[in-house]
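One structure is given below, encoded as structure tokens.
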Amino acid sequence: MSDAAALIVALRDCVGAPHVLAGADDTAPYTRDWRGRYGGEALAVVLPGSTEEVSAVVRACAAAGVRVVPQGGNTGLVGGAVPMGDRIADDNAPVVVALRRMNRIRDVDPLGNTLVADAGCVLETIQQAADACDRLYGVSLGAQGSCQIGGNVSTNAGGTGVLKYGSTREQVLGLEVVLPDGRVWDGLRRLRKDNTGYALKQLFIGAEGSLGIVTGVALRLHPKPAAIAAAWLTVDTVHDALAALELLQAMAGERIAGCELLNRAELETVAAQFPDVRLPTDPEAPYAVLVELADTWARADLSGLLEDALGRLAEAGRLRDAAIAASEAQRQAFWFIRHSIAEANRKSGMGLACDVAVPVRALPAFIDRAGGAVRARWPNATIVLVAHMGDGNVHFIPRFSFEDWQALEDPAAFADIVRAVVHDEAAALGGTFSAEHGIGRVLPGELARLRSPLELELMRRVRDALDPARTMNPVILGAS
Ligand SMILES: Cc1cc2nc3c(=O)[nH]c(=O)nc-3n(C[C@H](O)[C@H](O)[C@H](O)COP(=O)(O)OP(=O)(O)OC[C@H]3O[C@@H](n4cnc5c(N)ncnc54)[C@H](O)[C@@H]3O)c2cc1C
């Protein structure tokens, strides 16, 4: 029996034969990312049903010297949840460990404002469980119907609520993790205060499955807002959009639950792909801002607050037009536009999403400079952008037609060059080349290029300490 066949037998012993997929047809849904851009062959896809089973699977893979790629909802945007396609011989294809069967809410404590869940719980299930006890889980994003909380933790997902609630890192109280040697670290504490040595959980948040498999998560919950209001603003410049943010922060403070900036090319893309979508107002505007306010006091007059702020912006000549959602359905319609972007972009050409963050005040300079640099070199590119503006996080996307893309000799090398041009503009303004999507299989080169030798050395030492044999997901310094 070959080593690969022996490992598959061992994996069947760990989780039961029906939960080990080995043929190309069966593994196909797990071996390519959702856009079909990245992927490679897997030796097997394993679907464990418990922490003990994950531990047994990881132990078996470690003993066989076979890499493990953890997979959540496979909604990641940098290809980190699928095999790297770096196999040398058959036996070098990794084992994908998909957590979808681990989908139990373990406990909700409304008094302590905590929720404990299996890592394979879909984000929306977490949100609903919090809602059912009159609480809110603070992270929301377009993929919430399919991404998993373990994937969110492993990418430190951001989304639209970071301004008010913080990113996933801010929600995590404790973790349960299967380490690369198969041991289980039980750090599933639900405490707000715990200064007992190094905060080990932080290592696994944003580690993209390179240091272990997250199997359980303890999360903090927030009071559920009882009043919500949303407005759609149109402005001429990014400076005007920032003026709106600044005024709203002064007037509404912590009530700002979302503040998203979209450029006209992005709105035209959504309108073209979703013909039923009607932009709330002023479709010719260069930029639109979707802002949402939330308060736990049911009688808070948030629409009145928005009206007041919009009036002041109009008086100051910083606003083209605005619409305040008159109903819950209209508020949902505003957000539908925002959440349709990923799908609309996917269908509209080959977009090279650059997930950049810069200091908020540098947003106009970044958009201007990166736009200029891309247009100067590739006049055929359309620049679409959407920004979690309050976080300084821009999804800056030079997009090429499918025809132009197919004509390229080496598309992967071309993509690297385009991204580097954009990333350099962000770096020059004190920014980062990956704000919330991670490194995955797209950006290891940029990590090596743009992080200092000391930072890389420290990261390598962390990896050496936890995964010396490099059997976990190679995304972060795993290939070295
Ligand atoms: C429409 C759409 C909108 C999106 N919007 C946002 C957004 O606003 N903000 C944002 O941050 N992201 C966004 N994303 C990206 C994506 O949804 C997030 O990165 C999400 O956190 C990934 O979760 P997942 O369960 O799908 O993880 P996967 O894609 O399955 O995995 C992502 C990484 O985490 C690792 N991983 C997964 N589960 C585990 C685990 N249990 N233990 C250890 N490692 C694990 C994988 O190996 C991989 O490296 C969006 C994606 C889509 C499709």
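None of the figures in this text is laboratory data; all of them are computed from the coordinates on show. Everything quoted here is computed from the prediction, not taken from an experiment. Cβ atoms come from the backbone with ideal geometry, glycine included; neighbour counts cover every protein chain shown.
The table below gives the values:
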| quantity | calculated |
| --- | --- |
| Nearest-ten-degree value, helix 264-273 long axis tilted from longest Cα axis of the chain | 70 degrees |
| √(5λ) per eigenvalue of the Cα gyration tensor, the chain, largest first, Å | 38, 27, 20 |
| Two-site FRET efficiency, Ala28 against Phe336, from Cβ-Cβ distance with R₀ of 22 Å, rounded to 0.05 | 0.10 |
| Cα centroid of the range 1-26 to Cα centroid of the range 325-358, whole Å | 40 Å |
| Phi to ³J(HN,Hα) by Karplus 6.51 cos²θ - 1.76 cosθ + 1.60 over the range 433-438, Hz, x for Gly, Pro | 8, 8, 7, 9, 8, x |
| C-alpha long axis of helix 302-315 to longest principal axis of the chain, angle in ° | 60 degrees |
| Normalised contact order of the chain, rounded percent, pairs of Cα under 8 Å and 6 or more residues apart | 15 percent |
| Whether the range 3-98 is rounded, prolate or oblate, judged on the alpha carbon gyration tensor where a/c under 1.5 counts as rounded | prolate |
| Computed label-point distance, nm, for sites Asp236 and Arg451 using a 7 Å Cα→Cβ extension | 4.3 nm |
| Separation between Cα centres of the range 125-194 and the range 449-464, rounded to whole Å | 26 Å |
| Label-point separation in nm, Ala132 to Asp424, each point 7 Å along Cα→Cβ | 5.3 nm |
| Placed amide H near Tyr38: partners under 5 Å, 5+ positions off or other chain | Asp33 |
| Student exercise, the chain dipole from Lys, Arg, Asp, Glu Cβ charges, in Debye to nearest 20 | 720 debye |
| Cα→Cβ-extended label distance, 7 Å offset, between Asp464 and Glu284, nm | 6.3 nm |
| Sites matching chymotrypsin sites (Phe, Trp or Tyr not before Pro) across the range 222-303 that sit in DSSP coil, with at most 16 neighbouring C-beta atoms within 10 Å | Trp297 |
| Estimated vicinal HN-Hα couplings, Hz - the range 121-137 in sequence order (Karplus 6.51, -1.76, 1.60; Gly, Pro = x) | 5, 5, 3, 4, 5, 5, 4, 5, 5, 5, 4, 4, 10, 6, 10, 10, 8 |
| Estimated FRET transfer efficiency (Ala227, Glu124; beta-carbon r; R0 25 Å; 0.05) | 0.65 |
| Nearest-ten-degree value, helix 3-15 long axis tilted from longest Cα axis of the chain | 70 degrees |
| The chain - mean residue ellipticity at 222 nm from DSSP helices (-39,500 (n - 2.57) per run, n ≥ 4, rounded to 500) | -11000 deg cm²/dmol |
| Neighbourhood net charge (10 Å Cβ-Cβ; Lys/Arg +1, Asp/Glu -1) for Arg135 | -1 |
| Distant-in-sequence amide H partners of Asn473 (H built 1.01 Å from N, under 5 Å) | Val68 |
| For the range 247-275 and the range 423-441, distance of Cα centres in Å | 22 Å |
| Three-way shape call for the range 100-223 based on the alpha-carbon gyration tensor, with the a/c threshold at 1.5 | rounded |
| Stretchable slack from Asp3 to Arg169, in nm (0.36 nm times residue separation minus alpha-carbon distance) | 55.9 nm |
| Long-range amide H partners of Phe274 with built H, under 5 Å | none |
| Dipole magnitude of the range 105-223, debye to nearest 20 (Cβ charges: Lys/Arg +1, Asp/Glu -1, about Cα centre) | 340 debye |
| FRET efficiency estimate (nearest 0.05) - Cβ-Cβ, Ala250 to Ala413, R0 56 angstrom | 0.75 |
| Partners for Lys164 among lysines (Cα-Cα distance below 16 Å; same-chain residues under 8 apart left out) | Lys224 |
| Cα shape, the range 198-350, gyration tensor, a/c 1.5 rule | oblate |
| In Hz, Karplus ³J(HN,Hα) per residue of the range 460-473 (6.51, -1.76, 1.60; θ = phi - 60°; x = Gly, Pro) | 5, 5, 4, 5, 4, 5, 9, 9, x, 7, 6, 8, 8, 2 |
| Residue-span extension gain [Trp297 to Ala265] - 0.36 nm each, minus C-alpha spacing | 7.8 nm |
